[in-house]
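The values are calculated or read from the model by the stated rules, or taken from the named source; none is laboratory data. From a predicted model like this one, the values you see are computed outputs, not experimental measurements. Cβ atoms come from the backbone with ideal geometry, glycine included; neighbour counts cover every protein chain shown. Side chains are part of the model used for accessible areas, which takes the heavy atoms of the whole protein and leaves out ligands, DNA and RNA. Shrake-Rupley method; radii C 1.70, N 1.55, O 1.52, S 1.80 Å.
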Amino acid sequence: MSNNKKFDNIFKNMEDISKELRLESEIIQDEYLINGSIKYWKGAKQDVYSPICLKDNKQVKLGSYPKLTQLEAQQALDSAIKAYNYGMGEWPQMKVSHRIRAVEKFTFNMIQKRDEVVNLLMWEIGKSLKDSQKEFDRTIEYIKDTISTLKKLDRKTSQLEIESGLYAQIKRSPLGVTLCIGPFNYPLNETFTTLIPALIMGNAVIFKPPKFGVLLHKPLLEAFRNSFPAGIVNTLYGSGEELLTPLMRSGKIDVLAFIGSSKVASQLEHEHPKPNRLRSVLSLEAKNAAIVMPDANLDVTINECVTGSLSYNGQRCTALKILFVHENIVGSFLEQFNKKIDEIKFGMPWDKDVQITPLPEKNKTGYLKELIDDAISKGSKIVNKNGGTIKNTFMFPAVLYPVNKDMRVYHEEQFGPIIPILTYKDIKEPMQYLMESNYGQQVSIFGNSSDEIAKMIDSFVNQVSRVNINAQCQRGPDIFPFTGRKDSAQSTLSVSDALRAFSIRSMVAIKENKENRQIVTDILREHKSNFLSTNFIL
Ligand code: G3H
C-alpha cells in the first residue's frame, strides 16, 4: 500500500478549522426524555469521539452521553405503555388532524435546529457538509410528505361503505409500543423514517439513537417533549445489548423498527416471548452488485459506479459493493474508473466537494485492511493509485481486482471504501452471485441492448427488490418502495408504505336497520366518535 505524502496533512489543527465549524466546548449530554419530562443523568457516561483527528492523530473528543441502565429502560417502557394505555391513551385516541398538528409543531421546532444538527452530523459521523445538509433537508421533506400522504389516506377513508346489509367504516389504527433504532450512517434521516410514521399513526415510541450520531439528537429533545403528550416519545442512550434485550424480553414491545445488521435484528426478535405479536420493520445489510455489459456507455457507467460505491465512503446499505465487468471491456473500464477515483476529493467533511472522509467505526480501517490483505493473499491486487492508503481513521478507496469467490470481500458487506471488481464472460456468472447471495436488496445493470436488459430485468426482479438500469442503487426518491429480500429487509418503507407498516386496518361494521341507522347518524352528526367519523381533513 502506498504511503504517499499527499495524505500527510489530511488532519489539521483546531485553529485551522474555520470558527463557525468548530465545536467551542464539549457537549455534555445529561438529559434523557421519559414520561414527558427531561431528566438529568448522574451515572456513568459514554465518551463520544469524532472520526475526525487533529494533527497529532488523536480523535477529537466531542462530549458524552448517559449510559442508561435497565432501570431507565424499564421506566421508558412503563411510560410508553401508560401513554398508549391499550390504545385508549390521549395520543392513540386523538383525531388524525390533531396528531398531524403535533408533528407539524415538532417539525417547525426541528427546523430551527438545522445548523446545530448539521454540524454535529459532520463531527459525529464524518459526513460531508453537503450530504449532512441533504440528510437534514430530506428528513424535513419526508415528514412533510408523510403528513400530506396521511391526509390523503384519511380522506379516502372518511366515508362509510354499504355492503351486504352492513354499514362499514375502515380506517387504520396504531399497533402499540414501538421500539425505533436507526443506523449510524443516516442517524437522523433513517431513524426518523420509522419514528415519524410510527408517531403520526398513534403509536407510543421508545427510541434509541444509533452507536454514532447520538449527540445530534440532543437539540431536538425539547421539541419532542413540547410537541407530544407525556410518554409518547421516550429516549434511551447506552449499550444496545443492555437496554434492548430486557425490553424485548418483556414481551411488551409491539413493533420493532430496526435499521442495522440482520444479526442484531434476529437477536432482538428472538428475545421476544410472543413472536406472533411482534411486528418487525427491518432495513438490513446488502451487497448490491453492478453488472457492466460489453456495450455499456462507459462515461455514464463510471460516474454511476464511482458515486454508487463511494458516496459517504461506501457506508450506505444501498452502495454498490461488488462490480461485475464484462471481460471484453475490463481494461478500459479499469483505466477510466481508476482515473476518476484518483481525482476524487478527500479530506474533512467541510472541505469543498469532498467525497472521502474519516470513518466513524472503531478500527474500521483495520477491518478494511484485513479484507484487502485476504484478497491479496488469494491473488487480487490494489489496482488504483494510492488505493488503501490509511491514515488513522481515514482510508483512500482501494480498487481490488481480480476478485473471486474465495475472498472474504466477495461475500462480506465491506461498508467502506473498497471496490471489489471481477470479470464475467456469461451473464449466468453474476446471476449465480445474486441467486446465492444472502442479500437481495438492489442491483444496477449498465448496458445498451434492450433485448439483454429485458431478459435481465425479468430474472433479477425475482432476486432483488429494485433493478436500476444505467443508474446506481439508491433508496430515494422516498415515495418509492424501499425493501429487500432474504437478509436485507422485512416489511417495506416509503412515505406511504411506512404509514401502513406502523398501523393496522380496523373497521366498524353495523347491521343496516332503522335503529342502527339512527345510532350511526347520531354519532356522525354530533361528532361523537373520532374513528367513526366522516370528517374530511383539508
Ligand atoms: O444505508 C442505506 C440507506 O437507506 C441508503 O439510502 O440510497 O438514499 O443513500 P440512500
### Summary
Exception for Val306 within (1) in contact (Cβ under 8 Å) with a residue 40 or more places away in the chain; (2) within 16 Å of the ligand (Cβ to nearest atom); (3) not basic (Lys, Arg) falls at (1)
### Task
Show the residue pairs that are 6+ apart or on different chains and have beta-carbon atoms under 8 Å apart, the first residue being within segment 458-484 and closer than 15 Å to Phe446 by Cα and of a type in the set (D, E, K, R), the second being within 11 Å of the ligand (Cβ to nearest atom) and open to solvent by 50 Å² or more (accessible area, probe 1.4 Å).
Arg466/Phe480
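To keep it simple, each residue is scored yes or no on (1) outside any helix (DSSP H, G or I); (2) under 27 Å from Gln490 (Cα atoms); (3) among the hydroxyl-bearing types (Ser, Thr, Tyr).
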residue: Asn404; (1), (2), (3): yes, no, no
residue: Phe415; (1), (2), (3): yes, yes, no
residue: Met431; (1), (2), (3): no, yes, no
residue: Val443; (1), (2), (3): yes, yes, no
### Task
Give segment 264-282 a look and list any residue that's open to solvent by 10 Å² or more (accessible area, probe 1.4 Å) and within 16 Å of the ligand (Cβ to nearest atom), or say none.
Val264
### Query
Are any of the residues in segment 33-47 farther than 20 Å from Leu215 by Cα and modelled with pLDDT of 95 or more?
yes
### Query
What are the residue pairs meeting all of these: first residue in segment 351-364, first residue of a type in the set (Gly, Ala, Ser), second residue in a loop (DSSP other than H, G, I, E, B), Cβ atoms under 6 Å, and 6 or more apart or on different chains?
none
### Query
Taking segment 227-245, which residues are assigned to a loop (DSSP other than H, G, I, E, B) and open to solvent by less than 10 Å² (accessible area, probe 1.4 Å)?
Gly231, Ile232, Leu236, Tyr237
## Note on the structure
Note on segment 248-270: residues under 20 Å from Phe212 (Cα atoms) and touching a Pro at 6+ places or on another chain (Cβ under 6 Å) are Ile259, Gly260
### Query
Looking at this structure, is Gly366 part of a helix (DSSP H, G or I) and not basic (Lys, Arg)?
yes
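Of these, Ile125, Ile147, which one is within 19 Å of Val354 (Cβ to Cβ) and either within 13 Å of the ligand (Cβ to nearest atom) or open to solvent by 10 Å² or more (accessible area, probe 1.4 Å) (or both)?
The match here is Ile125.
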### Task
Residues being open to solvent by 50 Å² or more (accessible area, probe 1.4 Å) and either closer than 26 Å to Asn57 by Cβ or of a type in the set (Gly, Ala, Ser) (or both): count how many of those fall in segment 380-428.
3
### Message
Quick test for you: out of Ser128, Ser132, Ser97, Ser173, pick the one residue that is touching a strand residue (DSSP E or B) at 6+ places or on another chain (Cβ under 6 Å), of a type in the set (S, T, N, Q) and at pLDDT 95 or above.
### Response
Ser173
### Query
Going by the structure shown, is Arg500 of a type in the set (Lys, Arg), surrounded by 13 or more Cβ atoms within 10 Å (Cβ to Cβ) and part of a loop (DSSP other than H, G, I, E, B)?
no
### Query
Does Phe258 qualify as being of a type in the set (Phe, Trp, Tyr), open to solvent by less than 20 Å² (accessible area, probe 1.4 Å) and more than 16 Å from the ligand (Cβ to nearest atom)?
no
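Taking the condition under 30 Å from Ile206 (Cβ atoms), at pLDDT 95 or above, out of contact with any strand residue (DSSP E or B) (no Cβ under 7 Å at 6 or more places or on another chain) and of a type in the set (S, T, N, Q), does Ser496 pass?
Yes: the conditions hold for Ser496.
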#### Entry: Residues that are part of a loop (DSSP other than H, G, I, E, B), within 11 Å of the ligand (Cβ to nearest atom) and surrounded by 19 or more Cβ atoms within 10 Å (Cβ to Cβ), drawn from segment 448-482
Gln472, Cys473, Gln474, Arg475, Asp478
### Task
Scan segment 319-330 residue by residue and report those that are without any contact (Cβ under 8 Å) to a residue 60 or more places away in the chain and open to solvent by 50 Å² or more (accessible area, probe 1.4 Å).
Asn328
### Task
Of the conditions (1) in a helix (DSSP H, G or I); (2) open to solvent by less than 10 Å² (accessible area, probe 1.4 Å); (3) closer than 30 Å to Ile52 by Cα, Asp373 clears all except one; give me its number.
(2)
### Task
Go through segment 294-303 residue by residue and tally those that are outside any loop (DSSP other than H, G, I, E, B) and either crowded, with 22+ Cβ neighbours inside 10 Å or without any contact (Cβ under 8 Å) to a residue 40 or more places away in the chain (or both).
5
### Task
Out of the residues in segment 150-194 that are β-branched (Val, Ile, Thr), assigned to a strand (DSSP E or B) and surrounded by 23 or more Cβ atoms within 10 Å (Cβ to Cβ), state the one that is farthest from the ligand (Cβ to nearest atom).
Val177
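Within segment 314-340, track down each residue that is outside any helix (DSSP H, G or I), more than 16 Å from the ligand (Cβ to nearest atom) and among the charged types (D, E, K, R).
Going through segment 314-340, the residues outside any helix (DSSP H, G or I) turn out to be 315-329.
Checking which are more than 16 Å from the ligand (Cβ to nearest atom) leaves us with 322-329.
Correct list: Glu327 only.
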### Message
I'd like to verify a number: residues in segment 13-22 that are among the hydrophobic types (A, V, I, L, M, F, W, C) and either open to solvent by 40 Å² or more (accessible area, probe 1.4 Å) or at pLDDT 95 or above (or both), how many?
### Response
1
### Query
Taking only pairs six or more apart or across chains, which ones have beta-carbon atoms under 9 Å, a first residue in segment 82-103 that is free of Cβ contacts under 8 Å to residues at least 12 places away in the same chain and assigned to a helix (DSSP H, G or I), and a second residue that is among the hydrophobic types (A, V, I, L, M, F, W, C) and open to solvent by less than 40 Å² (accessible area, probe 1.4 Å)?
Asn85/Ala204
#### Entry: The listed residue being outside any strand (DSSP E or B), more than 15 Å from the ligand (Cβ to nearest atom) and within 30 Å of Phe396 (Cβ to Cβ), out of Ile291, Ile344
Ile344
### Message
Any residue at all in segment 523-531 that's assigned to a helix (DSSP H, G or I), open to solvent by 80 Å² or more (accessible area, probe 1.4 Å) and among the hydrophobic types (A, V, I, L, M, F, W, C)?
### Response
no
